[in-house]
Structure formats: structure tokens, C-alpha cells
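Report on one structure; see the data block that follows.
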Amino acid sequence: MSETVSRPFTFVKDGVFYFSRRILKELRNHYTSPRIAYSLRTKSPKIAEARARRAAGRVLVSPALS
């Protein structure tokens, strides 16, 4: 039996982890889509979690909000 642990802001497609995060309402007019999603280029859950947390921090700290 396989245990699955949900990594924050990630989903898996063909064994590769992807980052996915909704764009804040205040910033949506700067983007063409209400969501940011891209490959984290890893199959490792631990590496994916670290990369996703780093990416989430960059999304929240936007130059438009500074």
C-alpha cells in the first residue's frame, strides 16, 4: 500500500512535481491566467516541497505590492 503525502502548492503529472498557485486578486490584471503553474523539474517529494515553498514565497512577495 502506497502512502501519499500532500506537498503544499504542488501536483504530480507523469511522476514529475509541478507548482501551482492562485494569483492574488490585486495582481490578476497583470497576468493572463488566474493561476501560476510550472514544473519543479523533480520526481523527489522532498525537493519538490522545498522548491514549492520557495516559489510560493516569491509569488507572495511581488514587486507590484512593494
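The values are calculated or read from the model by the stated rules, or taken from the named source; none is laboratory data. From a predicted model like this one, the values you see are computed outputs, not experimental measurements. Heads up, the Cβs are rebuilt from the backbone with ideal geometry, glycines too, and the neighbour counts pull from every protein chain shown. All accessible areas refer to the heavy atoms of the entire protein, side chains included, with ligands and DNA or RNA removed. Shrake-Rupley method; radii C 1.70, N 1.55, O 1.52, S 1.80 Å.
Before moving on, here are some points about what is shown:
- Within the stretch 42-61, residues that are closer than 17 Å to residue 14 by Cβ have Cβ atoms under 9 Å from residues that are of a type in the set (D, E, K, R) and surrounded by 17 or more Cβ atoms within 10 Å (Cβ to Cβ) in these pairs: 42/51; 45/7; 48/7, counting only partners at least 6 apart in sequence or on another chain.
- Residues in the stretch 25-36 that are touching a residue at least 24 places away in the same chain (Cβ under 8 Å) and open to solvent by 60 Å² or more (accessible area, probe 1.4 Å): 2 in all.
- Matching residues in the stretch 39-63 - criterion: being among the hydroxyl-bearing types (Ser, Thr, Tyr) and at pLDDT below 95: 62
- Residues of the stretch 7-24 that turn out to be open to solvent by 50 Å² or more (accessible area, probe 1.4 Å), β-branched (Val, Ile, Thr) and part of a loop (DSSP other than H, G, I, E, B), as a count: 0
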